[in-house]
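**Student:** Pasting in a structure now, in structure tokens, and then I'll have a few things to ask.
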Amino acid sequence: MKTVTHNNITLHVHDDGPRDALPVVFANSLGTDLRVWDAVVPLLPDGLRLIRYDKRGHGLSDAPPAPYAMEDLVADAAAILDQLGVANAVVIGLSIGGMIAQGLAHARPDLVRAIVLMDTAARIGPAQMWQDRIQAVQENGIAPLADGVMARWFAPAFHRDKPAELALWRNMLCRTTQAGYAGCCAAIAGADLTETTRALDLPALAMAGSQDGATPPDLVHATAALMDAPFHLIDGAGHLPCVESPAQVAALITAFLKEIA
């Protein structure tokens, strides 16, 4: 088990593959940990350095008191890459992880060679929506929100056909620390990356599930347009295409890696 410590926060990291290979970094979504990429990683080409981590407040990483700022999450990601001796990475971000990818590419262009944005945007929702969610979590915990979150995360077919797997993802969400969940909600609420993302000059790819109820495809497409990046719609998937459609996600990532090689 590998860890990186930054500003007295210990972050859980997986670092697999040759040290001198192309580094591919994965940043996960709100309420999930690095296991959200489990179905995609085995489908990627051999010979990559695959780095996954639990952002603060999630998985096995420390959960400092809320609120967090997007700059905190970006600094955590930068510290991981610095301490692993990684530069010129391809950063793949899902939801808030995609915001971290955008922020990292702006703040530390030496660390980022290209980005893949999945079900994310330069700005996600109005700040008041996130403040309302923070208040709800602080008052009643995450569990009362879970059914609504599952409806946004997964398409109806997943709910119908994979109830046991759905229960595990619900457990992952509910076991997220309240500080971590509320802290990351605050980071999203305070982040509008539109202008810095528009100024990025690097290869980028965007994709979204056609039935995403959290970051609708039009929102993701608009962020892709800021960078003149290609956008792909993953039919029949919700907010976590890496779970519902891992083969299609892996194929898109593989083609992108070959294109920028």
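**Student:** In segment 79-105, what count of residues is obtained for those that are under 20 Å from N7 (Cβ atoms), more than 15 Å from the chain's Cα centre (by Cα) and not polar (S, T, N, Q)?
**Tutor:** Residues meeting the conditions: 7.
**Student:** Return the residue satisfying two criteria in turn: it lies in segment 171-202 and is surrounded by 18 or more Cβ atoms within 10 Å (Cβ to Cβ) and not hydrophobic (A, V, I, L, M, F, W, C), and of such residues it is nearest to V249 (Cα to Cα).
**Tutor:** T197
**Student:** Scan Q135, Q131 and give me the residue that is over 21 Å from C242 (Cβ atoms), touching a residue at least 12 places away in the same chain (Cβ under 8 Å) and over 19 Å from the mean Cα position of the chain (by Cα). Can you show your working first?
**Tutor:** Working: Q135 fails: touching a residue at least 12 places away in the same chain (Cβ under 8 Å).
After ruling out the rest, the residue left standing is Q131.
**Student:** With R170, R152, R160 as the choices, which residue is of a type in the set (D, E, K, R), part of a helix (DSSP H, G or I) and without any contact (Cβ under 8 Å) to a residue 12 or more places away in the chain?
**Tutor:** So the residue among R170, R152, R160 that is of a type in the set (D, E, K, R), part of a helix (DSSP H, G or I) and without any contact (Cβ under 8 Å) to a residue 12 or more places away in the chain is R160.
**Student:** Suppose we filter segment 226-261 for residues that are among the charged types (D, E, K, R) and over 18 Å from A89 (Cα atoms); how many remain?
**Tutor:** So the count comes out to 3.
**Student:** Which condition from (1) touching a helix residue (DSSP H, G or I) at 6+ places or on another chain (Cβ under 9 Å); (2) more than 29 Å from R170 (Cα to Cα); (3) in a helix (DSSP H, G or I) is the one that P23 breaks?
**Tutor:** If we test P23 against (1) touching a helix residue (DSSP H, G or I) at 6+ places or on another chain (Cβ under 9 Å); (2) more than 29 Å from R170 (Cα to Cα); (3) in a helix (DSSP H, G or I), just (3) comes out false.
**Student:** Given the structure, is E195 free of Cβ contacts under 8 Å to residues at least 40 places away in the same chain, in a helix (DSSP H, G or I) and farther than 15 Å from I92 by Cα?
**Tutor:** yes
**Student:** Quick one: would you say M150 is surrounded by fewer than 20 Cβ atoms within 10 Å (Cβ to Cβ) and either closer than 23 Å to P65 by Cα or modelled with pLDDT under 95 (or both)?
**Tutor:** Answer is no for this residue.
**Student:** Now, a different point. Which ones in segment 26-35 are buried (at least 24 other Cβ atoms within 10 Å of the Cβ) and outside any strand (DSSP E or B)?
**Tutor:** Matches in segment 26-35: N28, S29, L30, G31, T32.
**Student:** Please indicate, with yes or no, whether at least one residue in segment 164-183 is over 25 Å from D62 (Cβ atoms) and among the hydroxyl-bearing types (S, T, Y).
**Tutor:** Scanning segment 164-183, I find no residue that is over 25 Å from D62 (Cβ atoms) and among the hydroxyl-bearing types (S, T, Y), so the answer is no.
**Student:** Consider L84 carefully, then state whether it is buried (at least 17 other Cβ atoms within 10 Å of the Cβ), in contact with a helix residue (DSSP H, G or I) (Cβ under 8 Å, 6 or more places away or on another chain), modelled with pLDDT of 95 or more and not aromatic (F, W, Y). Working first, answer last.
**Tutor:** Numbers: buried (at least 17 other Cβ atoms within 10 Å of the Cβ): yes; in contact with a helix residue (DSSP H, G or I) (Cβ under 8 Å, 6 or more places away or on another chain): no; modelled with pLDDT of 95 or more: yes; not aromatic (F, W, Y): yes.
Answer is no for this residue.
**Student:** Another one. Can you go through T215, T223 and tell me which one is part of a loop (DSSP other than H, G, I, E, B) and touching a strand residue (DSSP E or B) at 6+ places or on another chain (Cβ under 9 Å)?
**Tutor:** T215
**Student:** A further question follows. Could you check how many residues of segment 62-81 are assigned to a helix (DSSP H, G or I) and either surrounded by fewer than 19 Cβ atoms within 10 Å (Cβ to Cβ) or in contact (Cβ under 8 Å) with a residue 40 or more places away in the chain (or both)?
**Tutor:** Result for segment 62-81: 10.
**Student:** Checking the structure you have, find out if any residue of segment 105-127 is out of contact with any Leu (no Cβ under 6 Å at 6 or more places or on another chain) and without any contact (Cβ under 8 Å) to a residue 24 or more places away in the chain.
**Tutor:** yes
**Student:** Answer yes or no: is there a residue in segment 117-140 that is of a type in the set (A, V, I, L, M), touching a Phe, Trp or Tyr at 6+ places or on another chain (Cβ under 6 Å) and surrounded by 13 or more Cβ atoms within 10 Å (Cβ to Cβ).
**Tutor:** Within segment 117-140, one or more residues are of a type in the set (A, V, I, L, M), touching a Phe, Trp or Tyr at 6+ places or on another chain (Cβ under 6 Å) and surrounded by 13 or more Cβ atoms within 10 Å (Cβ to Cβ).
The values are calculated or read from the model by the stated rules, or taken from the named source; none is laboratory data. Bear in mind the structure is a predicted one, so any value in this text is a computation, not a measurement. FYI the Cβ positions are ideal-geometry reconstructions off the backbone, even for glycines, and counts take in every protein chain you see.
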